1. Considering only the range 145-163, state which residues are out of contact with any helix residue (DSSP H, G or I) (no Cβ under 7 Å at 6 or more places or on another chain), surrounded by fewer than 21 Cβ atoms within 10 Å (Cβ to Cβ) and within 20 Å of VAL314 (Cα to Cα).
2. Out of all the residues in the range 260-268, is one or more touching a residue at least 60 places away in the same chain (Cβ under 8 Å) and under 27 Å from PRO142 (Cβ atoms)?
3. Filter the range 99-151 down to residues that are charged (D, E, K, R) and within 24 Å of LEU291 (Cβ to Cβ) and give me whichever is nearest to the chain's Cα centre (by Cα).
4. Any residue in the range 304-320 that's touching a residue at least 60 places away in the same chain (Cβ under 8 Å) and surrounded by 24 or more Cβ atoms within 10 Å (Cβ to Cβ): show its pairings with residues that are of a type in the set (Ser, Thr, Tyr) and part of a helix (DSSP H, G or I) at Cβ separation under 8 Å, as long as the two are six or more apart or on different chains.
5. Only one of these is part of a strand (DSSP E or B), modelled with pLDDT of 95 or more and surrounded by fewer than 16 Cβ atoms within 10 Å (Cβ to Cβ): THR263, THR270. Name it.
6. List every residue pair whose Cβ atoms sit under 9 Å apart, with the two residues 6 or more apart in sequence or on different chains, where the first one lies in the range 108-121 and is at pLDDT below 85 and the second, anywhere, is in a strand (DSSP E or B) and charged (D, E, K, R).
7. Can you name the condition, by its number, that MET129 falls short on among (1) of a type in the set (A, V, I, L, M, F, W, C); (2) more than 17 Å from ALA285 (Cα to Cα); (3) assigned to a loop (DSSP other than H, G, I, E, B)?
Amino acid sequence: MPGWVKRLALGFTIAGAVTLLSIGWLAVPNLLISNGVWAEGGAPDVAPTVFLPLPDPDNQPKPKPGNGVAGVAVGAKPTGEINGELLEQQIAGLDTKGIGATAWLVTDRDGKEIAGDGAKTLMVPASTMKVLTAVSALRSMPENTRFVTEVKRKSRGVIVLVGGGDPLLATKDDGKYPHPPTLTELASQTSKKLKERNETSVTLGYNEDLFVGPDWHPHWPIGFQSDVTRISALMVDGGIQKNKLRTKTPALTAAVSFAALLTQEGITVTGTPTAMSADGDRLAAVQSLPLHTLVQQALLRSNNTATEVIMRQVAIASGKKASFAGGTEAVAQHLKNMKIWQDG
């Protein structure tokens, strides 16, 4: 979740819990016998007259041939306006035990309140904060904005992997939507450019300086380590390693993965990747998915890490520092501008 906690006067859509009960046939003789359904070795104990006679399909009238043209379906027409009072009564009767604090609001298309409960009650919003970060992102940047991960050539035989704050950069394409850019693609580009310069051995550095400040919020408990990666402008696979654990050094982990991919491309990487400045000429680059897709994925998967990264991009676009504090300030300002922020 984003690293800022503000109580907001917001209603959220009611989540109705629907339980689907699927009943399978249990072939357990004792159970069937006890219910009178099965008589071991005996005749049926349910009289045939219990059931209505089934029609003989051979004696039923045959449908007349048609002309192949279906009639026009008439859609249902609205029966009237929503009864707000009745809606509130119905929802008040729902069992909400175990789902925590709730609030809801129904408005018409013009924003006029029809019904609701607790919509103006200040609450700690938890993961609904992702929606506010997403809205702020789309307010502060064009929806097709992309963030660049690049490789710069500092000098002969020295290159640096520079993070651009792409929250969905992957090691390789898994063949599934949304197909984010990959380090594999970047390594292929880089090796090609190096070989054009007759450079087949390099020292690799990495740079994550786009974001500033702490990478872990001081108010986050240690238990959050399974839900969010330390925030960096350079990370791959959301910071999740092959062992499914989250790395504590996302930029270094990304650089080590990149070094291995360069090796597969025939480029020798000497030593261990180290932090370097981001100066030099661009050698290769990959662009992130467009912002609207990044936002979609962050919300669809309730991705804490991606949302935190996007919040820093909001800060940059708003002229703030790309940190927890800068992101908080930027998002709050956008919400105030939209008149949906309330201090408290």
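The values are calculated or read from the model by the stated rules, or taken from the named source; none is laboratory data. All of these numbers come straight from a predicted model, not from anything done at the bench. Using ideal geometry, Cβ is built from the backbone for each residue, glycine included, and neighbour counts are taken over all protein chains shown.
1. Of everything in the range 145-163, those that are out of contact with any helix residue (DSSP H, G or I) (no Cβ under 7 Å at 6 or more places or on another chain), surrounded by fewer than 21 Cβ atoms within 10 Å (Cβ to Cβ) and within 20 Å of VAL314 (Cα to Cα) turn out to be ARG146, VAL148.
2. Taking the range 260-268 first, the residues touching a residue at least 60 places away in the same chain (Cβ under 8 Å) are 261-262, 264-268.
Checking which are under 27 Å from PRO142 (Cβ atoms) leaves us with none.
No, there is no match, as no residue in the range 260-268 is touching a residue at least 60 places away in the same chain (Cβ under 8 Å) and under 27 Å from PRO142 (Cβ atoms).
3. Applying the filter and picking the extreme gives LYS130.
4. Pairs that qualify, where the first residue is touching a residue at least 60 places away in the same chain (Cβ under 8 Å) and surrounded by 24 or more Cβ atoms within 10 Å (Cβ to Cβ) and the partner is of a type in the set (Ser, Thr, Tyr) and part of a helix (DSSP H, G or I), are THR307/THR133; ILE310/THR133; MET311/THR133; MET311/SER136; MET311/THR328; VAL314/THR133; VAL314/SER136; VAL314/SER140.
5. Residue meeting the stated conditions: THR270.
6. Listed pairs, sorted by first residue: ALA119/GLU113.
7. It fails just one condition, (3).
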